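Enquirer: Dropping the structure in here first, questions after.
The values are calculated or read from the model by the stated rules, or taken from the named source; none is laboratory data. These figures come from a predicted structure and were not determined experimentally. Cβ: placed from backbone, ideal geometry, glycine included. Neighbour counts: every protein chain shown.
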Amino acid sequence: MLVIVESPTKAKKIQSFLGKGYTVKASLGHVRDLPPDEFAVSIEALEQGKFPFKFKVLAGKGRVVKELQRLASGELVLCASDPDREGEAIAWHLAQLLKEKAKEVKRIEFHEITKKALQEAVKRPREIDLNRVRAQFARRAIDRILGYLISPELSKELGKRGLSAGRVQSTALAEIVKREREIKEFVPKPYWVVEVELEKDGKKFRARTEKFWDKKEAQENLRFPTLLVIRADKRKKLEKPKAPFTASALQQEANRLFKWSPEYTMKVAQELFENGYITYHRSDSPRLSEEAVGFLRNLIPRLFGKDYLPAKPFVYKAKEGAQDAHEAIRPTKLTPEGAPENLKDRLTPQQLKLYTLIWKRTLASQMKEAVWNTQTVVLQNDRGVKFTAKGKTLVFEGWRKVYDAEVEEDGEGILPELRVGEKLPAKLRLKEDKTKPPARYTEGSLVKWLEKTGVGRPSTYASTVKTLKARKYVVVKGGKMVPTETAFRVIEFLEEKHPWILSPELTAQMEKQLDLVEQGKLDWRKPVLETVEKVRELLPLLSEERDDRPTEKQLEFARSLAEKLKKELPADVLLSKKKLSKWIDGAKRELAKEKANAPLSEKQVAVIEKHGDEKVREALLRGDYAYCRKWLDGFFRELKRSGRRKKK
């Protein structure tokens, strides 16, 4: 039986669990897709209800496909790619490539890489979910249409190659630019508050007014040094624990605590998932299985005592549109053996850091509420102006014993006992401040905005943020995302030509349509054809000659070479594949020359001084390091040969 997964790490781990009778191989991600150098989506076929895609085996994947076809011959093939749309599409493409060789091609799905989960999964193979595949087709077609029509138009108009537009990235960029415009246009407005210091029974506390926009009006209150208590509330507040992590919550929290980018967080999380330490890391559901809750309810009293276990487990529900079949991101082993301190020798420092965060959040989610005593005191002067003081103290830690979350409400500890009608003398002072502009987005707060507005999906948040940085649309300074001049120009162009692509509402609506496709409630062509209508005026561009257009891979490689050489890429080469190839060849030669003429190491110099002839020593003196390296290569080759001869 052949089991196909996406990565070699998973393949190795799963092979150890399934043992003999199973061959586990990796497809190394997608094996077939739309080719990068042609549009490959027939609008005519799409409009006629026919299959519109021209899929090809990806460059470099030919050997992988041949090997999988050889192993699949006469076998039952189980496609075990990730449990999401992309994973389902990978399984479908594998099935198309292997169905003629294999006895049968089926799909298995699991949400954690453990022996039990794998053994259960292989017992329940299913058909490939075509609705899920169609949802991926729709997303892929829309992305291809926008990438092939709006992105080139954008590059041409702005005179800068390598720019791109997309339904999620452009909406996100528009929000960042909108925030930056608000900051630039912001005019600080001065305001004043009256702060007072009061004392009772030896306990000092402070209170303050609301903002005054008129200084004279604020100053009037300094003439009334006695305040009357008009309200004194004491309440006990139960603070429920945070839900277990979803992908977006994990990215936000890792950014807040560790300053990690969403991309890096998901990279580390993927390593933990593929090695069997956590459940599926792209989950958008906070739900825990009954079995996981049972383990936690057994573990919490052992670690913290019975006082920390609630009478009933907390139930967390997924948001609308989430994949509730997934579990939250949690450790796979919810026993004392799974505690972070027991895994220090098996995990890298960064893996341990993220695992510890997931472990603590999972435990906290099923622990008792934290208990706070809150106090609110309102005082009033003879003018009727109110002053407010708040107190807040933690009476019982509950879930906060294990998880360090932000405290949402202000408070300054315990206030003294105060009675309504009581009068207190006050020390008053006037404090001036200014209104602050809205804060720039961090990578974590942008992910929060994407989730809140329904733009994109948890599986795409990290790649969206990565694209914005890779395109040089934003730079991260002091943890904040700052849009570049290019970003402003891109958004100005899209606002004028294609404002619909910047609408969070339209983008969120498209995501909902893809969800309906996945549920089998909507034809996948509908959202694609709606996108076609929005760009119909650009469709004639598809018939133009595009053979000389550089691929994205070429552009990325050229940019990396330019960076190494500390050079700017000439604008004229960015529009022509031939010109860019010629530039790349020259840049490679220049880089090789630079490398050849770099100074020698101390060891290399020592070898020449000890073993070199007169010619190479002279080359060393005049700084001809290229010749010296050539001589060293020959010297070490000969040394290797003579060593072999001695062994014989």
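Enquirer: Which of (1) under 30 Å from Pro152 (Cβ atoms); (2) at pLDDT below 85 does Ala626 not meet, given it meets every other one?
Expert: For Ala626, the failing item is (1).
Enquirer: Yes or no: Arg107 assigned by TED's automatic domain parsing to the domain that holds Val41 and either in contact with a Phe, Trp or Tyr (Cβ under 7 Å, 6 or more places away or on another chain) or among the basic types (Lys, Arg) (or both)? Lay out the reasoning, then the answer.
Expert: Values: assigned by TED's automatic domain parsing to the domain that holds Val41: yes; either in contact with a Phe, Trp or Tyr (Cβ under 7 Å, 6 or more places away or on another chain) or among the basic types (Lys, Arg) (or both): yes.
Here the answer is yes, as Arg107 does meet what is asked.
Enquirer: Next question, about the same structure. Within the bounds of region 181-190, is there any residue that is surrounded by 17 or more Cβ atoms within 10 Å (Cβ to Cβ) and touching a residue at least 60 places away in the same chain (Cβ under 8 Å)? Spell out how you get there, then give the answer.
Expert: Restricting attention to region 181-190, the residues satisfying the condition of being surrounded by 17 or more Cβ atoms within 10 Å (Cβ to Cβ) are none.
No: region 181-190 contains no residue that is surrounded by 17 or more Cβ atoms within 10 Å (Cβ to Cβ) and touching a residue at least 60 places away in the same chain (Cβ under 8 Å).
Enquirer: Restricting to region 342-385, name every residue that is β-branched (Val, Ile, Thr) and outside any helix (DSSP H, G or I). Break it down stepwise before answering.
Expert: Going through region 342-385, the residues β-branched (Val, Ile, Thr) turn out to be 348, 356, 358, 362, 371, 374, 376-378, 385.
Matches in region 342-385: Thr348, Val371, Thr374, Thr376, Val377, Val378, Val385.
Enquirer: If you don't mind, another one. For residues in region 421-446 being assigned to a strand (DSSP E or B) and hydrophobic (A, V, I, L, M, F, W, C), which is surrounded by the most Cβ atoms within 10 Å (Cβ to Cβ)?
Expert: So in region 421-446, the residues assigned to a strand (DSSP E or B) come out as 423-425, 427-434.
Okay, now just the ones that are also hydrophobic (A, V, I, L, M, F, W, C), so 424, 428, 430.
Details: Leu424: 19, Leu428: 17, Leu430: 14.
In this case the residue turns out to be Leu424.
Enquirer: Within region 530-581, count every residue that is at pLDDT 85 or above, over 30 Å from the mean Cα position of the chain (by Cα) and in a loop (DSSP other than H, G, I, E, B).
Expert: Matching residues across region 530-581 total 0.
Enquirer: Looking at region 580-625 only, could you name the residues that are surrounded by 15 or more Cβ atoms within 10 Å (Cβ to Cβ) and either of a type in the set (Gly, Ala, Ser) or touching a residue at least 60 places away in the same chain (Cβ under 8 Å) (or both)?
Expert: Ala587, Gly612, Ala619
Enquirer: Can we say Ala249 is of a type in the set (Gly, Ala, Ser) and touching a Ser or Thr at 6+ places or on another chain (Cβ under 9 Å)? Can you show your working first?
Expert: Details: of a type in the set (Gly, Ala, Ser): yes; touching a Ser or Thr at 6+ places or on another chain (Cβ under 9 Å): no.
Judged against the criteria, Ala249 is not a match.
Enquirer: So, in region 16-28, of the ones that are surrounded by fewer than 15 Cβ atoms within 10 Å (Cβ to Cβ) and part of a loop (DSSP other than H, G, I, E, B), which residue ends up modelled with the lowest pLDDT? Before you say what the answer is, go through the steps one by one.
Expert: Our first condition is that a residue be surrounded by fewer than 15 Cβ atoms within 10 Å (Cβ to Cβ); within region 16-28, this holds for 16, 19-21.
Subsequent filtering for residues that are part of a loop (DSSP other than H, G, I, E, B) retains 19-21.
Working: Gly19: 86, Lys20: 89, Gly21: 91.
Checked region 16-28; the qualifying residue modelled with the lowest pLDDT is Gly19.
Enquirer: Look at Lys526 and say whether it is among the charged types (D, E, K, R), part of a loop (DSSP other than H, G, I, E, B) and surrounded by fewer than 18 Cβ atoms within 10 Å (Cβ to Cβ). Give the steps one after another, and end with the answer.
Expert: On the way: among the charged types (D, E, K, R): yes; part of a loop (DSSP other than H, G, I, E, B): no; surrounded by fewer than 18 Cβ atoms within 10 Å (Cβ to Cβ): yes.
No: the conditions fail for Lys526.
Enquirer: Shifting gears a bit: When region 417-451 is examined, which residues are found to be more than 14 Å from the chain's Cα centre (by Cα), closer than 20 Å to Phe186 by Cβ and either of a type in the set (Val, Ile, Thr) or at pLDDT below 95 (or both)? Explain how you work it out, then say what you get.
Expert: Quick first cut of region 417-451, residues more than 14 Å from the chain's Cα centre (by Cα) only: 417-441.
When the remaining residues are screened for being closer than 20 Å to Phe186 by Cβ, the result is 432-441.
Matches in region 417-451: Thr435 only.
Enquirer: So which residues in region 68-93 are among the charged types (D, E, K, R) and touching a strand residue (DSSP E or B) at 6+ places or on another chain (Cβ under 7 Å), if there are any at all? First the steps, then the outcome.
Expert: Within region 68-93, the subset among the charged types (D, E, K, R) is 70, 75, 82, 84-86, 88.
Once the filter is applied, which keeps residues that are among the charged types (D, E, K, R) and touching a strand residue (DSSP E or B) at 6+ places or on another chain (Cβ under 7 Å), region 68-93 yields only Glu75.
Enquirer: Considering each residue of region 2-42, count those that are within 21 Å of Leu149 (Cβ to Cβ) and out of contact with any Pro (no Cβ under 7 Å at 6 or more places or on another chain), and give that number. So that I can check it myself, show each step before the final result.
Expert: Going through region 2-42, the residues within 21 Å of Leu149 (Cβ to Cβ) turn out to be 33-42.
Okay, now just the ones that are also out of contact with any Pro (no Cβ under 7 Å at 6 or more places or on another chain), so 33-40.
Selection size over region 2-42: 8.
Enquirer: For Asn131, work out the one condition from (1) at pLDDT 95 or above; (2) in a strand (DSSP E or B) it doesn't fulfil.
Expert: (2)
Enquirer: Do you know which residues across region 447-502 are in contact with a helix residue (DSSP H, G or I) (Cβ under 9 Å, 6 or more places away or on another chain), closer than 24 Å to Arg559 by Cβ and not in a helix (DSSP H, G or I)?
Expert: Across region 447-502, the qualifying residues are Arg471, Lys472, Tyr473, Val474, Val475, Val476, Met481, Val482, Pro483.
Enquirer: Right, another one. Identify, from the list Lys512, Lys480, Lys497, the residue that is surrounded by fewer than 17 Cβ atoms within 10 Å (Cβ to Cβ) and under 16 Å from the mean Cα position of the chain (by Cα). Outline the logic, then answer.
Expert: Numbers: Lys512 fails: under 16 Å from the mean Cα position of the chain (by Cα); Lys497 fails: under 16 Å from the mean Cα position of the chain (by Cα).
That would be Lys480, the only listed residue that is surrounded by fewer than 17 Cβ atoms within 10 Å (Cβ to Cβ) and under 16 Å from the mean Cα position of the chain (by Cα).
Enquirer: Has region 376-387 got at least one residue that is under 26 Å from Gln219 (Cα atoms), among the hydrophobic types (A, V, I, L, M, F, W, C), touching a helix residue (DSSP H, G or I) at 6+ places or on another chain (Cβ under 6 Å) and not assigned by TED's automatic domain parsing to the domain that holds Ala292?
Expert: Yes.
Enquirer: Mind checking whether some residue in region 146-165 is assigned to a loop (DSSP other than H, G, I, E, B) and polar (S, T, N, Q)?
Expert: Let us first name the residues in region 146-165 that are assigned to a loop (DSSP other than H, G, I, E, B), namely 159-165.
Filter once more, so that each one left must be polar (S, T, N, Q): 164.
Yes, region 146-165 contains a residue that is assigned to a loop (DSSP other than H, G, I, E, B) and polar (S, T, N, Q).
Results for (1) surrounded by fewer than 21 Cβ atoms within 10 Å (Cβ to Cβ); (2) part of a helix (DSSP H, G or I); (3) in contact (Cβ under 8 Å) with a residue 24 or more places away in the chain, shown as yes or no for each residue.
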position: Lys216; (1), (2), (3): yes, yes, no
position: Leu228; (1), (2), (3): yes, no, yes
position: Arg231; (1), (2), (3): yes, no, yes
position: Lys237; (1), (2), (3): yes, no, yes
position: Gln252; (1), (2), (3): no, yes, yes
position: Met266; (1), (2), (3): no, yes, yes
position: Ala269; (1), (2), (3): no, yes, yes
position: Leu272; (1), (2), (3): no, yes, yes
position: Ser283; (1), (2), (3): no, no, yes
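Enquirer: Continuing with the same structure: Could you list, in sequence order, all residues of region 96-144 that are over 30 Å from Ala45 (Cβ atoms) and β-branched (Val, Ile, Thr)?
Expert: Keep residues of region 96-144 that are over 30 Å from Ala45 (Cβ atoms), which gives 103, 108-125.
Ile108, Ile113, Thr114, Val122 - these are the residues of region 96-144 that are over 30 Å from Ala45 (Cβ atoms) and β-branched (Val, Ile, Thr).
Enquirer: Related question: Name the residue, out of Ala102, Ala91, that is crowded, with 21+ Cβ neighbours inside 10 Å and assigned to a loop (DSSP other than H, G, I, E, B).
Expert: Values: Ala91 fails: assigned to a loop (DSSP other than H, G, I, E, B).
Of Ala102, Ala91, the one residue that is crowded, with 21+ Cβ neighbours inside 10 Å and assigned to a loop (DSSP other than H, G, I, E, B) is Ala102.
Enquirer: Related question: I'd like the full set of residues that are in a helix (DSSP H, G or I), of a type in the set (A, V, I, L, M) and under 16 Å from Pro527 (Cα atoms), limited to region 41-66. Show your work before the answer.
Expert: Within region 41-66, the subset in a helix (DSSP H, G or I) is 43-47, 62-66.
From what is left, the residues that are of a type in the set (A, V, I, L, M) are 43, 45-46, 64-65.
Those that are in a helix (DSSP H, G or I), of a type in the set (A, V, I, L, M) and under 16 Å from Pro527 (Cα atoms): Ile43, Ala45, Leu46.
Enquirer: Another question, then. Scan region 305-322 for residues that are among the hydrophobic types (A, V, I, L, M, F, W, C), surrounded by 16 or more Cβ atoms within 10 Å (Cβ to Cβ) and modelled with pLDDT of 95 or more and jot them down.
Expert: In the first step, residues of region 305-322 are kept if they are among the hydrophobic types (A, V, I, L, M, F, W, C); the result is 309, 311, 314-315, 318, 322.
From what's left, surrounded by 16 or more Cβ atoms within 10 Å (Cβ to Cβ): 309, 314, 318, 322.
If the condition is that a residue be among the hydrophobic types (A, V, I, L, M, F, W, C), surrounded by 16 or more Cβ atoms within 10 Å (Cβ to Cβ) and modelled with pLDDT of 95 or more, then Leu309, Phe314 are the ones that fit.
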